[in-house]
Amino acid sequence: MTRATLRSGALAMKQALKPVLDKRKPPPGAGDWLAGLAMGAAGARRFRLYRPTGVKFGERLPLMVMLHGCGQDAKSFASSTRMNRIAERERFLVLYPEQDRLANPQGCWNWFDTKTGRAYGEAALIMKAIDQVCLLYAADRSRIAVAGLSAGASMAALLVTRHPERFKAVVMHSGIAPGTAHSPLTALGAMNGLREPRPLLALPPALGWPPLMVIHGGVDAVVSASNGQAAAQVWADAAGARAGTPRNVQRGKRYPSTVTDFVRRGSTVATLVEIGALGHAWSGGAANQPFSDGRGPDASRMVWGFAARQFRA
């Protein structure tokens, strides 16, 4: 009876500790999974950095900033998107800022709360994390891109509108364009496709807005698909770009997509990828992760391919 009780207690303890131990395990990837903390006037935010193997002293690698959605954290987003595997192969750093549950119980970035300034404070903390990585891990300041899912996508767009000179590319996956909401109530209306974004300022040609890629599911029940179209259009309008002829793309048995480029004087300002059968999930992500649909085209490959083209431009 004593041995049985001890075995039962050990099993119960193992089950209780499993979530804690799992959280400490790094996501898939051969490189380093490094921890950091960004501090500023708006408080502090943890972040994680993936560094591929074999980085040489003095070597400067591109930086991809990945902003998770609601209900996620740095590790779950890395596991879902599998961006670290691409980073290992293509040799770039991946920064995963993490929202604090005290700032938002669901773990959402407060991209919409511009009226109180909380959104801007969080954007400033993300920039602090980027600056730390550039300083401590020799990220190439001239090759930085940002991508996000859902609330992370909306925060990514807000971040770029506040610091356009710092980014070469931005990718919004299932998000809402900046200027569409300014409070929790207006954010709800925006998610349902009931609000239009404010026009972006037309920047001088020497600066301009970084190119935008929008990926959105046609059956997204959380963030209406009209938001994806609106985000691409507001970006194109600011640059005076026009929509080209949509083209249909399908790889293997993955969901088909419709891709539209918005072009000005031969340069692509925005790209809209509409995936009709996709819901509110990272396209082509790990099948065993929440907010992830392995049947969609590989969004992580699209994100890196889009950013890499801007780095070479």
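The values are calculated or read from the model by the stated rules, or taken from the named source; none is laboratory data. Everything numeric here is computed off the predicted structure, so don't read it as measured data. Here the Cβ is made from the backbone with ideal geometry for all residues, glycine too, and neighbour counts use every protein chain on show. Quick note on the areas: whole protein, heavy atoms, side chains included, nothing else; ligands and nucleic acids left out. Shrake-Rupley method; radii C 1.70, N 1.55, O 1.52, S 1.80 Å.
Filter the strands (runs of 3 or more DSSP E) completely within the range 8-95 down to those with at least 1 residues that are at pLDDT below 95, open to solvent by 50 Å² or more (accessible area, probe 1.4 Å) and over 23 Å from Pro290 (Cβ atoms).
Numbers: elements: 32-40, 43-51, 61-67.
Where strands (runs of 3 or more DSSP E) fall fully within the range 8-95, none carries at least 1 residues being at pLDDT below 95, open to solvent by 50 Å² or more (accessible area, probe 1.4 Å) and over 23 Å from Pro290 (Cβ atoms).
Going through Glu59, Glu90 one at a time, which residue ends up being in contact with a helix residue (DSSP H, G or I) (Cβ under 7 Å, 6 or more places away or on another chain) and among the charged types (D, E, K, R)? Working first, answer last.
Working: Glu59 fails: in contact with a helix residue (DSSP H, G or I) (Cβ under 7 Å, 6 or more places away or on another chain).
Just a single option satisfies the conditions, and that option is Glu90.
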**OP:** Return a yes/no flag: does the range 276-290 have any residue that is without any contact (Cβ under 8 Å) to a residue 24 or more places away in the chain, farther than 26 Å from Pro199 by Cα and either open to solvent by 70 Å² or more (accessible area, probe 1.4 Å) or part of a loop (DSSP other than H, G, I, E, B) (or both).
**Re:** yes
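Only one of Gln99, Gln106 is in contact with a His (Cβ under 8 Å, 6 or more places away or on another chain) and either among the basic types (Lys, Arg) or touching a residue at least 12 places away in the same chain (Cβ under 8 Å) (or both); which? Break it down stepwise before answering.
Details: Gln106 fails: in contact with a His (Cβ under 8 Å, 6 or more places away or on another chain).
Step by step, each of Gln99, Gln106 is checked, and only Gln99 is in contact with a His (Cβ under 8 Å, 6 or more places away or on another chain) and either among the basic types (Lys, Arg) or touching a residue at least 12 places away in the same chain (Cβ under 8 Å) (or both).
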Original post:
Which residue pairs have Cβ atoms closer than 7 Å, lie 6 or more positions apart in sequence or on different chains, and pair a first residue in the range 64-80 that is basic (Lys, Arg) with a second residue that is part of a helix (DSSP H, G or I)?
Top reply: Lys75/Lys23
Original post:
Out of all the residues in the range 141-170, which are open to solvent by 10 Å² or more (accessible area, probe 1.4 Å) and assigned to a helix (DSSP H, G or I)?
Top reply: Leu158, Thr161, Arg162, Pro164, Glu165, Arg166
Subject >> Count of residues meeting criterion [among the small types (Gly, Ala, Ser) and touching a Pro at 6+ places or on another chain (Cβ under 6 Å)] in the range 24-77 >> reply: 1
Original post:
How many residues are closer than 24 Å to Gly69 by Cα, out of contact with any helix residue (DSSP H, G or I) (no Cβ under 9 Å at 6 or more places or on another chain) and modelled with pLDDT under 95 when one looks only at the range 242-290?
Top reply: 1
Original post:
Out of all the residues in the range 180-224, which are touching a residue at least 40 places away in the same chain (Cβ under 8 Å), part of a loop (DSSP other than H, G, I, E, B) and of a type outside the set (Val, Ile, Thr)?
Top reply: Ala181, His182, Ser183, Leu207, Gly208, Trp209, Pro210, Pro211, Gly218, Asp220, Ala221
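Condition check ((1) over 24 Å from Gly276 (Cβ atoms); (2) open to solvent by 10 Å² or more (accessible area, probe 1.4 Å); (3) not β-branched (Val, Ile, Thr)) across all residues:
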residue	(1), (2), (3)
Ala139	yes, no, yes
Pro199	yes, yes, yes
Pro204	yes, yes, yes
Gly228	no, no, yes
Val234	no, yes, no
**OP:** Being on the phi > 0 side of the Ramachandran plot and open to solvent by 40 Å² or more (accessible area, probe 1.4 Å) narrows it down to one of Gly179, Gly208, Gly240, so name that one.
**Re:** Gly240
Subject >> Lone qualifier among Thr271, Thr258 - being buried (at least 16 other Cβ atoms within 10 Å of the Cβ), in contact (Cβ under 8 Å) with a residue 12 or more places away in the chain, part of a strand (DSSP E or B) and not aromatic (Phe, Trp, Tyr) >> reply: Thr271
Original post:
Checking Pro246 against (1) closer than 22 Å to Ser154 by Cβ; (2) of a type outside the set (A, V, I, L, M, F, W, C); (3) open to solvent by 20 Å² or more (accessible area, probe 1.4 Å), which test does it fail?
Top reply: (1)
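Take the range 36-54 and flag every residue that is among the aliphatic types (A, V, I, L, M) and without any contact (Cβ under 8 Å) to a residue 40 or more places away in the chain. I'd like the intermediate steps shown before the answer.
Start the filter on the range 36-54 by keeping residues that are among the aliphatic types (A, V, I, L, M), which leaves 37-39, 41-42, 44, 49.
Answer for the range 36-54, where residues must be among the aliphatic types (A, V, I, L, M) and without any contact (Cβ under 8 Å) to a residue 40 or more places away in the chain: just Leu37.
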